[in-house]
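Enquirer: This is the structure, below, for whatever I ask next.
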Amino acid sequence: MEQHTHPLLLELQASSLELFGIEIYSWEPISLGWLNLKWRLETDQGDFLLKIYHRNRYSNEDVLVRALQQQQRVYQSGVPCPELLSHKGVLLHSLCDEKFIIMRFCSGNIMRSHDINVDQMFDLGTVTSKIHRILNDTSLGVESSPQFVPQSRNERLSHWDDVMKEADRDNKTQLLSHLELHRTLTETMDIESFGKCEAGWSHRDLWVDNLLFHENKVSSVLDFDRLNYDYPELDVARAIMSWALVDGNLRIDIVAAFLKGYREYNRFDSGMLVRSLRMLWYMESVWWITANMELHNKVQVRFAEEMTWLAENDERLPMIVGDL
């Protein structure tokens with residue numbers, strides 16, 4: 001047993017049979033994730049995963065509960081993702097003043113961009129499309145506004161000016177040309193074209209750490225916590241940038257495989273990807289391109305590299321992916 005066992009584990013070990021019909025034998029901490037605490041549970045019914053939510057990781061409990069309910073619905077519709085354990089129909093549980101979920105532990109491998117193959121990417125496209133089809137079957141209705149509301153051009157230019165001033169003030173002059181790249185692109189970006197995007201319910205976190213693969217198939221889609229009403233094509237753009245960008249080049253075979261799979265269940269017109277990738281850059285660049293990029297961890301460095309590639313190659317995007 002761990003030297004400092006979380007009290008919730010002890011409480012669950014005593015009550016899990018009554019609450020969830022499983023008997024917990026042992027547990028092992030999992031280090032992946034940010035702020036939330038996770039353990040792999042060994043039980044008489046197989047392995048499960050316990051996730052305790054940090055209070056800073058969700059601001060609206062109703063939104064989180066809705067996301068969990070949709071994860072369960074996606075699972076019940078045959079998409080590979082973790083099954084959640086319920087108690088009296090409830091998926092988000094509370095014990096020891098903690099909010100937590102328990103879900104079936106899913107096996108599989110995390111595939112980095114260097115390792116992904118076209119068959120895996122085709123299946124990921126198919127699975128992503130299935131998720132979008134299920135979420136947007138009218139069961140959830142629509143929201144008044146998507147989560148991503150693009151800033152005006154002037155607001156975004158002001159943001160980059162502030163970041164450049166911060167870098168200059170801190171004598172990080174080596175960053176100024178890099179920041180100028182993003183500011184200059186903001187001046188010419190066709191922001192109005194984003195208004196042509198179709199809003200809908202989306203996973204909103206389809207990147208490398210949230211997908212498991214077994215052989216050439218997706219074995220599990222993880223972490224539905226950010227699921228919300230947004231733009232499904234941002235899921236497409238995020239997945240493509242996460243897996244197709246390798247050593248500074250976009251692997252077109254990987255991109256084409258994903259889109260071929262996606263079109264099995266949803267329409268995605270030729271040329272649409274250019275807009276999707278530009279919108280992804282407009283949304284995420286301010287998250288990853290900062291005056292303090294020297295403090296980025298490995299994951300943040302990768303995201304920043306993706307944003308830089310998009311900025312550097314914006315004019316060439318129609319030539320690179322425009323026919324896909």
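The values are calculated or read from the model by the stated rules, or taken from the named source; none is laboratory data. Predicted model, so just to flag it, every value in this text is computed and none were measured. Methodologically, a virtual Cβ is constructed for each residue, glycine included, from the backbone with ideal geometry; neighbour enumeration extends over all protein chains shown. To get the accessible areas, we keep the full protein, side chains included, count just its heavy atoms, and leave off ligands, DNA and RNA. Shrake-Rupley method; radii C 1.70, N 1.55, O 1.52, S 1.80 Å.
Enquirer: Quick one: dipole size for segment 129-184, taken about the Cα centre, charges +1 on Lys/Arg Cβ and -1 on Asp/Glu Cβ, in debye to the nearest 20.
Expert: 220
Enquirer: Kindly state, to the nearest 0.05, the FRET efficiency for N249 paired with L35, given R0 = 45 Å and r defined as their beta-carbon distance.
Expert: 0.85
Enquirer: Further question: Which links in K51/K196; K172/K196; K130/K196 stretch past 28 Å when you go from one Cα to the other?
Expert: From the list (K51/K196; K172/K196; K130/K196), the Cα-Cα distance tops 28 Å for K51/K196; K172/K196.
Enquirer: Let me ask you something else. Quantify how much of the Cα-Cα distance distribution of the chain extends past 35 Å, in percent.
Expert: Taking all Cα-Cα pairs of the chain, the fraction more than 35 Å apart is 27 percent.
Enquirer: Follow-up. Tell me, what ³J(HN,Hα) does each residue in segment 241-248 have, in order and in whole Hz, if you take phi through Karplus 6.51 cos²θ - 1.76 cosθ + 1.60 with θ = phi - 60° and put x for Gly and Pro?
Expert: 5, 5, 10, 8, 7, 10, 6, x
Enquirer: I've got another one for you. Label point 7 Å out from M319 along Cα-to-Cβ: which residues of segment 231-255 have amide N under 15 Å?
Expert: 250
Enquirer: What residues qualify as long-range amide H neighbours of L245, i.e. H under 5 Å apart, gap of 5 or more or another chain, H built at 1.01 Å from N?
Expert: Close amide H contacts, sequence-distant or interchain: R251.
Enquirer: Let me ask something else about it. Of the heavy-atom accessible surface of the chain (probe 1.4 angstrom), what whole percent is carbon and sulfur?
Expert: After summing per-atom areas, the C and S share lands at 47 percent.
Enquirer: Extension gain N297-R112, at 0.36 nm per residue separation less the Cα-Cα distance, in nm?
Expert: Length gained, N297 through R112: 65.0 nm.
Enquirer: Here's something else I'd like to know. Longest span of the chain, sites excluded, free of trypsin sites (Lys or Arg not before Pro) in DSSP loop with at most 13 other C-beta atoms within 10 Å?
Expert: In the chain, the maximal stretch lacking such sites is 113-266.
Enquirer: Sticking with this structure for a sec: So who's got an amide H within less than 5 Å of the one on S219, skipping anything under 5 residues away but keeping other chains? H placed 1.01 Å off N, in plane.
Expert: Answer set, sorted by chain and number: L212, F213, H214.
Enquirer: Another one. Rounding to the nearest 20 debye, state how big the charge dipole of segment 1-159 is about its Cα centre with +1 on each Lys and Arg Cβ and -1 on each Asp and Glu Cβ.
Expert: 680
Enquirer: Accessible area per residue, 1.4 Å probe, Å², for segment 1-96: what's the number?
Expert: Each residue of segment 1-96 exposes 57 Å² on average to a 1.4 Å probe.
Enquirer: What nm distance separates the two modelled labels at D119 and T188, each placed 7 Å from Cα along Cα→Cβ?
Expert: Label at D119, label at T188, 4.2 nm between them.
Enquirer: OK, next. Which of Y25, L37, I131 sits farthest toward the positive end of the charge dipole of segment 1-145, with +1 on the Cβ of Lys and Arg and -1 on the Cβ of Asp and Glu?
Expert: Towards the positive end, the residue furthest out is I131.
Enquirer: Size of the dipole of the chain about the Cα centre, Lys and Arg at +1 and Asp and Glu at -1 on the beta carbon, nothing else charged, in debye to 20?
Expert: With Lys and Arg at +1 and Asp and Glu at -1, about 400 debye.
Enquirer: Still on this model: Apply the Karplus curve 6.51 cos²θ - 1.76 cosθ + 1.60, θ = phi - 60°, to the phi angles in segment 38-44 and return the couplings in whole Hz, x for Gly and Pro.
Expert: 9, 9, 8, 9, 9, 9, 6
Enquirer: For R104 and S270, what is the calculated FRET efficiency with R₀ set at 41 Å and r taken between the beta-carbons, to the nearest 0.05?
Expert: Plugging the Cβ-Cβ distance into 1/(1 + (r/R0)^6) gives 0.60.
Enquirer: Which whole-Hz ³J(HN,Hα) couplings does segment 144-159 yield from phi under the Karplus relation 6.51 cos²θ - 1.76 cosθ + 1.60, θ = phi - 60°, glycine and proline marked x?
Expert: Each residue's phi maps through the Karplus curve to give 5, 7, x, 5, 8, 10, x, 5, 5, 4, 5, 4, 5, 4, 5, 4 Hz.
Enquirer: How far, in nm, would the chain grow between S152 and L17 when pulled straight, counting 0.36 nm per residue and subtracting the alpha carbon separation?
Expert: Here the segment from S152 to L17 would lengthen by 43.2 nm.
Enquirer: Sticking with this structure for a sec: Would you mind telling me which residue in S129, S193, S220 has the biggest mean-square fluctuation in a Gaussian network model of the chain, where springs connect alpha carbons within a distance under 10 angstrom?
Expert: Per the Cα network of the chain with a 10 Å cutoff, S193 tops the list.
Enquirer: Starting from the amide H of E143, placed 1.01 Å from N in the peptide plane, find each other amide H under 5 Å away whose residue is 5 or more places distant or on another chain.
Expert: none
Enquirer: Which distance in nm do the two modelled labels at R66 and S144 give, with both placed 7 Å along the Cα-to-Cβ direction?
Expert: 1.3
Enquirer: When ligands, DNA and RNA are left out and all protein chains stay put, how many square angstrom of accessible area per residue does segment 257-324 have with a 1.4 Å probe?
Expert: 47
Enquirer: Pull up the DSSP beta bridges for the chain and report the antiparallel fraction as a percent, rounded to 5.
Expert: 95
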